[in-house]
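Okay, so here's the structure we're looking at.
The values are calculated or read from the model by the stated rules, or taken from the named source; none is laboratory data. None of the values given here were measured: they were computed from a predicted structure. Every residue, glycine among them, receives a Cβ derived from its backbone with ideal geometry; neighbour counts consider all protein chains shown. In case anyone asks, the SASA skips ligands and DNA or RNA and just uses the protein heavy atoms, side chains included. Shrake-Rupley method; radii C 1.70, N 1.55, O 1.52, S 1.80 Å.
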Number of protein chains: 6
Amino acid sequence: MLIGVPKEIKNHEYRVGLTPGSVRELIHHGHQVLVESEAGAGIDMHDQDYRAIGAEIASAEQVYARADMVVKVKEPQPEEIARLRAGQVLFTYLHLAPDPTQARGLLASGVTAIAYETVTDKHGGLPLLAPMSEVAGRLAVQAGAHCLEMAQGGAGILLGGVPGVAPAKVLILGGGVVGDNAAQMAIGLGADVSIFDKSLERLRHLADKYEGRIKCVYSTVDRIDPKPIS
Amino acid sequence: MLIGVPKEIKNHEYRVGLTPGSVRELIHHGHQVLVESEAGAGIDMHDQDYRAIGAEIASAEQVYARADMVVKVKEPQPEEIARLRAGQVLFTYLHLAPDPTQARGLLASGVTAIAYETVTDKHGGLPLLAPMSEVAGRLAVQAGAHCLEMAQGGAGILLGGVPGVAPAKVLILGGGVVGDNAAQMAIGLGADVSIFDKSLERLRHLADKYEGRIKCVYSTVDRIDPKPIS
Amino acid sequence: MLIGVPKEIKNHEYRVGLTPGSVRELIHHGHQVLVESEAGAGIDMHDQDYRAIGAEIASAEQVYARADMVVKVKEPQPEEIARLRAGQVLFTYLHLAPDPTQARGLLASGVTAIAYETVTDKHGGLPLLAPMSEVAGRLAVQAGAHCLEMAQGGAGILLGGVPGVAPAKVLILGGGVVGDNAAQMAIGLGADVSIFDKSLERLRHLADKYEGRIKCVYSTVDRIDPKPIS
Amino acid sequence: MLIGVPKEIKNHEYRVGLTPGSVRELIHHGHQVLVESEAGAGIDMHDQDYRAIGAEIASAEQVYARADMVVKVKEPQPEEIARLRAGQVLFTYLHLAPDPTQARGLLASGVTAIAYETVTDKHGGLPLLAPMSEVAGRLAVQAGAHCLEMAQGGAGILLGGVPGVAPAKVLILGGGVVGDNAAQMAIGLGADVSIFDKSLERLRHLADKYEGRIKCVYSTVDRIDPKPIS
Amino acid sequence: MLIGVPKEIKNHEYRVGLTPGSVRELIHHGHQVLVESEAGAGIDMHDQDYRAIGAEIASAEQVYARADMVVKVKEPQPEEIARLRAGQVLFTYLHLAPDPTQARGLLASGVTAIAYETVTDKHGGLPLLAPMSEVAGRLAVQAGAHCLEMAQGGAGILLGGVPGVAPAKVLILGGGVVGDNAAQMAIGLGADVSIFDKSLERLRHLADKYEGRIKCVYSTVDRIDPKPIS
Amino acid sequence: MLIGVPKEIKNHEYRVGLTPGSVRELIHHGHQVLVESEAGAGIDMHDQDYRAIGAEIASAEQVYARADMVVKVKEPQPEEIARLRAGQVLFTYLHLAPDPTQARGLLASGVTAIAYETVTDKHGGLPLLAPMSEVAGRLAVQAGAHCLEMAQGGAGILLGGVPGVAPAKVLILGGGVVGDNAAQMAIGLGADVSIFDKSLERLRHLADKYEGRIKCVYSTVDRIDPKPIS
């Protein structure tokens, strides 16, 4: 199959659909790969890196025109949708629910679009969404710790405290992939972490995983908003 | 040296000054040991056990009359003080401070009394008191957990909770040997443990030891009794 | 649905079918809840606590007469069975196997009785029984440690020992939910824990969970009773 | 059923199909067991040990002639195949794939042969192969550590280093049962361990299990052989 | 003693010499405390909080004029030095080495100045400097993690990676209080941490503390700058 | 100072007195270093590696003749002693106690010999001996595990067992540096480790360090040889 990797054009998107390592893997399995010039610049991978492992470098127009399958990161922008065509496969994050314009554009193009976030494994998991959730959960605590610094307008709280000063309390709502990864970072920084979830099975898994370093609490209306209804 | 081990006569004292293993050690180092008949019954060690490793079994009278050093557990009771004599060494817990009657009795007897609780090592530690503090700290949590059972008139609280139910809070005042050992058991049972101490050095040691599973807080009047003076 | 919560009348039962937090949750989801006066007294929750979150307080007669579903803790006692009626749902622990009198009473009443201990989840687990097993396993070790105290007639053994004295041996037969929770507490108290099970899969799970702090042994007649048959 | 346990005759095989404990288990469940004389000598279990728990001792001829099922360790050697017969069950490791001679011999004998390595559990696992993989993974690191000693012709590397000297790098290809067990030993010896696998699900499991003490890396052609194709 | 707490006037300094809890402690031990109006505003502690536990609120002039000892955070600024006087004690961080102007000002004022950073304990440690080093080490990793985000101009590296992606390498130069605390946070975030120090004793302490989750390496010119001298 | 590094000539000694990194360190501090040709061959460091960082390569004769200080690994062999001279410093392991011939040779040579194993630090520790003890303790368990393999004539025991099979028992006599490092490896391999020592202080340190993964037992004649004296 001829696989095309255009450069991402959405604002603040530095990623690329396929790293040179992934390209090499696909070529190893008998595919051909067409990469837009400098598609990997945002991760400091350049045309020579892709050429060295066997990819062909091309313009965006060529990538869309020739590829059997287009592999991207973000949902296609209007000028990208205009280049898609019937018989072609688009493989990327789509997040169509809040974006009917995109959905109509894809329908009109005739492309076969497969959204990463909807691919399921045999256990019903979402293997292509999970890594993003892992990153999100880990970054959430890093971002929160940063925002608590007084110089950032925060309350001047260090998550782990220091010996003599009690650690900060971190409450995580939901013990799924995001919450689990956030918990791991918050525990790692020494915070006093509680996690709320409505699944006892999930809470048991987290209690086992973090062995006494986290409070796993069944979530109810009353715990989230402990004021009487009146 | 002839070492004597009388049977403890204080109420609820089941221990004995020397176990057969300790007696064997002393004999191995050239001493002779005289054990009162059934002195070790409370720990299920009997005369044949002491005889088998070389001790001589005798009456209480003989033990006190012949021994160069008397090794006991508890402070001597009045009838025991009456048997002590000048030139003899008494090695046991004394806790003289609140017990002037005992102090006067020992003075009158002429015995050389060495209190376990005052023996110091080269670092200023109390090596013979520490094991009792270790036991005390560990038992304290076991006793507390028992008293929290509803059937014992407690609040029906399980220290570690279960997944879904937050653990109980345990506050330990003082991070010395007793507090450290209590903390270890409370953490082991899954409680949410805080320890207060006035020594930052000690809090640092505990924070290192329990790596994020304990809150080490500097103790002030304000933290113990957080109401305003007014 | 109108949900009724009678006060438990079985001896030594201090629990209540629904806590105020659970009642609030049900009201939040559109149900009405009728609570017998002082049904929650055993957990220190009183009529005003239930009223504050929207429950109605009533007599036992009213609760049984009006409720579409009765939520309890223990199996209904004879005077409770007498109040159940056809068309009503009873949701509680029943443990019918050893109790044919209760079974006949429920049949005669025409009630639809759902036993907590028989509710299964999609993996074949018993989600309403598991928390009781967790509590049972954790309390078992706490009770055992208490019974080993010499003052309770025990052998005077401290599960974890202290440095210098080897810990006590704890043998757990069966590595299910009860055994796993018992192991967790026994390990937490510092004991030398072995667990026997006939499922290698379960032993692998426990070996992974407790990483070298437990001995996971395949159970055979020979290990449980190592004397020759002769 | 009459179960027969012949002595293993393959070179360097010290194991035996059934230990006395397993024999006792089978007898407890109503079977009869016939053990070849000194079949267990390699594990220091002798005829009296098997007789004591109810087994009958016999010659190899008798074991093969009388047993309904023969339980062994290694694939049958030519002289063993000659003794198998139709209507008999053979339960042992076979590893037939590279051994057509054995396969033809078994077919000719009419025996019903069940290979340990092909028995699957309800999750698709290989319960009788897994313990061998566990042993293999654990021994692999032990053997590797030994071979790295200078006296064995190795590079004189101690896996864990010592404080001041960085630990050795251990790379494990594949995070299945063998790789997981090898990782556990290598981590235990203090090495700097990386594990490569093509299953993100498996890598997540290992990352959770070893909490920051292992590097879990997605395996690609590029990581195994990082030179450009050119 | 009459202790005075002026409001810090140095730029970006939000701390205060004494929190209400510390003031209460001093009053409990028989001292009087004079706090400048709103000295604690930066930590959200206001005049009523200090008055409630027995402090007197005053102007900066009064604090300096009346106090026997002035307790501050930062070194005195020129207008603060002008208010100090002979017979008064100043207790604050001074860091005089690079600041001869301040040193001359203090000498001229006749004040007895005690620098927090020079107070030593009986082991030669710096108990008043250590907590700042603990905060510095912990914040260093938090700041570094933030700066590595692509949105901050960093390389887009997440310290802990995620399963499948190897963690980032963190190198800490010096295993003192700052380095130890930085290591703790970096390990907690899942990084691959190495620490260099010239003290084997310190490296042993860190190796024991972090048990295989850190590489403790003896530091030499060659390791820091591994190029040949030529 | 001119420092000389001869090639080790004792049988089975592959080490060298100074690695290139150490040589560079010494040159950085103003010394000159003379290395015997191929002194580092056993650790795969060759003349060009030493030359590249500024060392001079010479014959053994020159090294001994010119060096102010000779840095070695093993005690000098007779032909080496013959080359030492008054005014020269020899820095190496000597272990003179069982080797009066060497002692007499050194005395006769007039050299100032400093034995690594006798250098003490300010706490009374042996900083140059400790790393050898660390290596010894770690290798001891590796060697023991190897010897327990059946193929080596051992009992066919895997230290950690596998899930279902209890781990092997490892008893370590003495909890000093060697014992502590042996314990760390044995625990890492999953064994059931007990350590005996006569110092309660040391046992407490080990109990804290290994948190429930080791049995720390006070050592007596009775525990080592539990038979009665008779």
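Regarding C:HIS46, is this residue open to solvent by 40 Å² or more (accessible area, probe 1.4 Å), more than 27 Å from B:MET150 (Cα to Cα) and within 14 Å of chain A (Cβ to nearest Cβ)?
Answer is no for this residue.
May I ask you to list the residues in segment F:210-225 that are modelled with pLDDT under 95 and within 18 Å of B:HIS29 (Cβ to Cβ)?
Those that are modelled with pLDDT under 95 and within 18 Å of B:HIS29 (Cβ to Cβ): F:THR220, F:VAL221, F:ASP222, F:ARG223, F:ILE224, F:ASP225.
Show the residue pairs that are 6+ apart or on different chains and have beta-carbon atoms under 9 Å apart, the first residue being within segment F:99-114 and more than 14 Å from F:ALA82 (Cβ to Cβ), the second being open to solvent by less than 40 Å² (accessible area, probe 1.4 Å) and outside any strand (DSSP E or B).
Correct list of pairs: F:ASP99/F:GLU75; F:ALA103/F:LEU94; F:THR112/F:GLN88; F:ALA113/F:PRO76; F:ALA113/F:LEU84; F:ALA113/F:LEU94; F:ALA113/F:LEU106; F:ILE114/F:LEU94.
Kindly establish whether D:GLU13 is of a type in the set (Asp, Glu) and modelled with pLDDT of 95 or more.
no
Please specify each residue of segment B:68-89 satisfying the condition of being free of Cβ contacts under 8 Å to residues at least 40 places away in the same chain and farther than 19 Å from B:MET132 by Cα.
Listed by number, the residues that qualify are B:PRO78, B:ILE81, B:ALA82, B:ARG83, B:LEU84, B:ARG85, B:ALA86, B:GLY87, B:GLN88, B:VAL89.
Are there any pairs with C-beta distances below 7 angstrom linking a residue in segment B:184-209 that is under 17 Å from B:ILE157 (Cα atoms) and modelled with pLDDT under 95 to a residue that is among the hydroxyl-bearing types (Ser, Thr, Tyr) and assigned to a helix (DSSP H, G or I), with the two at least 6 apart or on different chains, and if so which?
As it stands, the answer is none, since no pair meets every condition given.
Look at segment B:16-40 and say how many of its residues are under 19 Å from F:ASP222 (Cα atoms) and open to solvent by 30 Å² or more (accessible area, probe 1.4 Å).
9
Here is a list of conditions, (1) more than 14 Å from every other protein chain (Cβ to nearest Cβ); (2) in contact with a strand residue (DSSP E or B) (Cβ under 8 Å, 6 or more places away or on another chain), and F:HIS31 meets all of them except one; can you say which number that is?
(1)
The conditions are (1) more than 14 Å from chain A (Cβ to nearest Cβ); (2) more than 23 Å from C:ARG104 (Cα to Cα); (3) in contact with a Pro (Cβ under 9 Å, 6 or more places away or on another chain); (4) open to solvent by less than 20 Å² (accessible area, probe 1.4 Å), and C:ILE3 fails exactly one of them. Which is it?
Answer for C:ILE3: the failing condition is (3).
Inspect segment C:154-166 for any residue being without any contact (Cβ under 8 Å) to a residue 40 or more places away in the chain and farther than 23 Å from B:ALA183 by Cα and give the result as yes or no.
Yes: one or more hits.
Restricted to segment F:178-212, and to residues that are facing another protein chain (nearest Cβ under 7 Å) and touching a Gly at 6+ places or on another chain (Cβ under 6 Å), which residue is nearest to D:VAL162 (Cα to Cα)?
Only one residue tops the list, namely F:GLY188.
So F:ALA113 fits all but one of (1) in a loop (DSSP other than H, G, I, E, B); (2) more than 26 Å from D:PRO167 (Cα to Cα); (3) among the hydrophobic types (A, V, I, L, M, F, W, C); what number is the exception?
So the condition that F:ALA113 fails would be (1).
Given the structure, is B:LEU106 buried (at least 17 other Cβ atoms within 10 Å of the Cβ) and outside any helix (DSSP H, G or I)?
Judged against the criteria, B:LEU106 is not a match.
If B:ASP121 satisfies every condition in (1) outside any helix (DSSP H, G or I); (2) open to solvent by less than 30 Å² (accessible area, probe 1.4 Å); (3) acidic (Asp, Glu) but one, which is the exception?
That leaves (2) as the condition not met.
For segment B:139-177, how many residues meet the condition of being within 12 Å of chain A (Cβ to nearest Cβ) and touching a Cys at 6+ places or on another chain (Cβ under 6 Å)?
The total comes to 1.
Would you mention how many residues in segment C:104-132 are more than 14 Å from chain B (Cβ to nearest Cβ) and within 21 Å of the chain's Cα centre (by Cα)?
Matching residues across segment C:104-132 total 13.
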